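One structure below.
The values are calculated or read from the model by the stated rules, or taken from the named source; none is laboratory data. No experiment lies behind these values; they were computed from the predicted model shown. Don't worry about glycine lacking a Cβ; one is built from the backbone with ideal geometry, like all the others, and counts go over all protein chains shown.
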Protein chains: 2
Amino acid sequence: MNELRKDYFRDRWVIIAKDRGQRPDQFAKKKKEENSAGPCFFCAGHENETPSEISRIEECGRWIIRCFPNKFPATSDEFVDVEGPGDGLLVKRSAYGRHEIIVETPEHEKNLGDLEVGHIARLIDMYAQRLEENRKDPRIKHVMLFKNQGGDAGTSIEHTHSQLISLCIVPTDVRDEVEASKRYIRERCSCPLCDTWRIEAKGERRILEDDRVAVFAPYASRFPFQAVIIPKRHTTSLEFLDMDERLSLAFALKQVLSSLNFSLNYPSYNFYFHTAPKGEDLHFHIDICPRISKWAGFELGGGVIINTMPPETAAGHYRDLLKQTDE
Amino acid sequence: MNELRKDYFRDRWVIIAKDRGQRPDQFAKKKKEENSAGPCFFCAGHENETPSEISRIEECGRWIIRCFPNKFPATSDEFVDVEGPGDGLLVKRSAYGRHEIIVETPEHEKNLGDLEVGHIARLIDMYAQRLEENRKDPRIKHVMLFKNQGGDAGTSIEHTHSQLISLCIVPTDVRDEVEASKRYIRERCSCPLCDTWRIEAKGERRILEDDRVAVFAPYASRFPFQAVIIPKRHTTSLEFLDMDERLSLAFALKQVLSSLNFSLNYPSYNFYFHTAPKGEDLHFHIDICPRISKWAGFELGGGVIINTMPPETAAGHYRDLLKQTDE
């Protein structure tokens, strides 16, 4: 039976179309999308071709992670509020904020899932530093960290990198999630994401966990093989994780991404960090969204996503893969 | 300056990233996606390979438009409400409704934009009939008509067709639009879409109009070359349009689609119909969304869409093309 499932605590629905179902391996890419031959301007030795560096992490005297402004930002340096002439129907303001690029490794042909856990932990340090720095601007209301991997995930430069956009408004989906979380906390005196993990820990959507971090396939997954990573401790943003938590997070991210790469042949994916806007409370989490299906007219028009891969099947697939690599 | 723009009357934002801008022709596909050689099971002569026909429109003794159930529906025939064991966090119900296919022409190689206006008007009659029929089921709360054209728009069968999904819930985005529209009507005693056209009729986002129907590029466009078609008369659904209005609608749809085909080399696109749910008031409109850009991590995580094609430029491009074909 095809099911309508509601998001844990938001009023947002998906259709889990089991009856249309495919086996996990039918989602695999026929051909791995190979990076074209480097070097590109994200590579070591081409530092003077990027905008001025903001920050770097070094190892043995050379950079291993590097951050600089996006050459073609989606944001604006100007801070202007304008109301159009349209009697309240045409409202605009400058897209004030910053748009940064974080190059994850100097090596052109590397994929994030192939990097060592230690290296990914350093990347998480860089994310934390950039989040903290961007939050200092009082006009910035929210900072979004995200990654686009592969053509179907909207990347234009193939050298592996993440991005950060800080903005003078809280993006709609973050705002809606914060509002729903606040309502839940008010009504039940507990955090919806802490409660969610308490339920998912016992069940068939659990993917992996250690003492600090948990990973599961969300009940109302919008993407085949979607995975959510949360710190077990109720924390509102990445900067507040200690060293051990960051290492667990790096390990979990590596496990999910290398499982995807191994079983689906390096698929396109996005991930994004949902952190609490300033002064708000939201249990920080990372959403990993493989882009192996397409949203079509029904999804765009209705906001109800049709997903043919039940999260229970997806989580089972992850668990099988992780067991194999354990052995 | 890159701008944050608010939707006319909903609390939904986009970034119009002018500074990243491309010229209209840079969005054109290098190579037209050709249909593979027919016939397929949507073609004339293969009627017995589809599920049982629901309806057809004939001309000179042969069908020109045909409707039947989707062989792999996203919906379910069963009507069940279930609450999961997850203490209110796991809520589901059956995706009760119908999923229908409307084949727009017996000819395998045709594109909707290439069909005659008279043929498109008959297609609109079929849409109206299917909407009306599906609404009769008291358990159906909303009916969505939509089209997926081309691989980037999520189509799996290339023979040109539209789809209908009727559902036991009102999809999130329709519900949000209806709520926002009701709020606007309560506050201002007028319809937000009637008011929108009053503003856009004078300006640079106007694409075309006749006495009955208007087309414009919406102020907070989520897609490059997005176009909205509305009947000028305040009407809640397609069935309530008279013959002349339907003909105007067919003409407008043909103009937009053939402009896209001509200037962007048969791009992928979706369109969807926003009609009022039963017992509600919403000014019916059609949203045409070319799929020539990709939503990436920022869009998926934040719900704020980055669009590099200002609607003013897009509308100007449409107007230039339509002037050329007039001459």
* Flag for residue B:118 being away from chain A (no Cβ under 13 Å), over 22 Å from residue A:308 (Cα atoms) and surrounded by fewer than 17 Cβ atoms within 10 Å (Cβ to Cβ) -> yes
* Tell me, which strands (runs of 3 or more DSSP E) lie completely within segment A:49-116 with 3 or more residues that are at pLDDT 95 or above? -> A:55-59, A:62-69, A:97-103
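Table: residues versus (1) under 22 Å from the mean Cα position of the chain (by Cα); (2) more than 30 Å from residue B:240 (Cβ to Cβ); (3) among the acidic types (Asp, Glu).
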site: B:25; (1), (2), (3): no, yes, yes
site: B:30; (1), (2), (3): no, yes, no
site: B:40; (1), (2), (3): no, yes, no
site: B:44; (1), (2), (3): no, yes, no
site: B:66; (1), (2), (3): yes, no, no
site: B:88; (1), (2), (3): no, yes, no
site: B:125; (1), (2), (3): yes, no, yes
* Structure fact -> Just one listed residue, out of A:169, A:157, A:165, is aliphatic (A, V, I, L, M) and either more than 7 Å from chain B (Cβ to nearest Cβ) or touching a Cys at 6+ places or on another chain (Cβ under 9 Å) (or both), and it is A:157
* Asked: Is it true that residue A:145 is at the interface with another protein chain (Cβ under 9 Å from one of its Cβ atoms), buried (at least 20 other Cβ atoms within 10 Å of the Cβ) and not aromatic (Phe, Trp, Tyr)?
  -> yes
* Can you find a residue in segment A:121-138 that is of a type in the set (Val, Ile, Thr) and within 18 Å of residue A:229 (Cα to Cα)? -> yes
* Structure fact -> The residue that is farthest from the other protein chains (Cβ to nearest Cβ), considering only those in segment A:190-213 that are of a type in the set (Asp, Glu) and crowded, with 19+ Cβ neighbours inside 10 Å, is A:200
* **Filter result (touching a Ser or Thr at 6+ places or on another chain (Cβ under 7 Å), closer than 19 Å to residue A:304 by Cβ and either among the basic types (Lys, Arg) or surrounded by fewer than 20 Cβ atoms within 10 Å (Cβ to Cβ) (or both)) within segment B:277-313** => B:291, B:303
* Structure fact -> Output for Cβ contacts, cut-off 7 Å, separation at least six or different chains, first residue at positive phi in segment B:16-32, second part of a loop (DSSP other than H, G, I, E, B), reads none
* Residues satisfying the stated conditions in segment B:277-312, i.e. farther than 15 Å from residue B:228 by Cα and of a type in the set (Val, Ile, Thr) -> B:292, B:304, B:305, B:306, B:308
* To do: Would you check which residues across segment A:14-32 are at pLDDT below 80 and crowded, with 17+ Cβ neighbours inside 10 Å and list them?
  => A:20, A:24
* Got a number for residues in segment A:117-164 being modelled with pLDDT of 95 or more, assigned to a loop (DSSP other than H, G, I, E, B) and polar (S, T, N, Q)? -> 1
* Structure fact -> residue A:127 passes all but one of the listed conditions (1) surrounded by fewer than 20 Cβ atoms within 10 Å (Cβ to Cβ); (2) among the aromatic types (Phe, Trp, Tyr); (3) more than 19 Å from residue B:304 (Cα to Cα); the exception is number (1)
* **Subset of segment B:9-46 (residues that are facing chain A (nearest Cβ under 10 Å), in contact with a Ser or Thr (Cβ under 8 Å, 6 or more places away or on another chain) and more than 17 Å from residue A:94 (Cα to Cα))** => B:9
* To do: Among the residues of segment A:47-104, write down those that are within 14 Å of another protein chain (Cβ to nearest Cβ), among the β-branched types (Val, Ile, Thr) and surrounded by fewer than 17 Cβ atoms within 10 Å (Cβ to Cβ).
  => A:80, A:82
* Which one of these does residue A:164 not meet: (1) over 17 Å from residue A:284 (Cα atoms); (2) surrounded by 20 or more Cβ atoms within 10 Å (Cβ to Cβ)? -> (1)
* Asked: Of the residues in segment B:178-189, how many are within 21 Å of residue B:231 (Cα to Cα) and more than 10 Å from chain A (Cβ to nearest Cβ)?
  -> 7
* Asked: What residue, of A:220, A:214, is modelled with pLDDT of 95 or more, farther than 27 Å from residue A:295 by Cα and either in contact with an Asp or Glu (Cβ under 9 Å, 6 or more places away or on another chain) or of a type in the set (Gly, Ala, Ser) (or both)?
  -> A:214
* Picking from B:48, B:35, which residue would you name as being in contact with an Asp or Glu (Cβ under 8 Å, 6 or more places away or on another chain) and farther than 29 Å from residue B:171 by Cβ? -> B:35
* Asked: When only residues in segment B:174-187 that are surrounded by fewer than 19 Cβ atoms within 10 Å (Cβ to Cβ) and under 24 Å from residue B:217 (Cβ atoms) count, which is farthest from the chain's Cα centre (by Cα)?
  -> B:180
* Asked: Taking the stated definitions as given, is residue B:220 aliphatic (A, V, I, L, M), within 18 Å of residue B:147 (Cα to Cα), touching a strand residue (DSSP E or B) at 6+ places or on another chain (Cβ under 6 Å) and in contact (Cβ under 8 Å) with a residue 60 or more places away in the chain?
  -> no
* Pair list, Cβ < 8 Å and 6+ apart or interchain, from segment A:50-75 residues that are over 25 Å from residue A:117 (Cα atoms) to residues that are exposed (fewer than 12 other Cβ atoms within 10 Å of the Cβ) -> A:69/A:52
* Asked: Out of curiosity, is residue A:220 outside any loop (DSSP other than H, G, I, E, B) and more than 19 Å from residue B:296 (Cα to Cα)?
  -> no
* To do: Return the total of residues in segment A:15-45 being in a loop (DSSP other than H, G, I, E, B) and farther than 15 Å from residue A:293 by Cβ.
  => 16
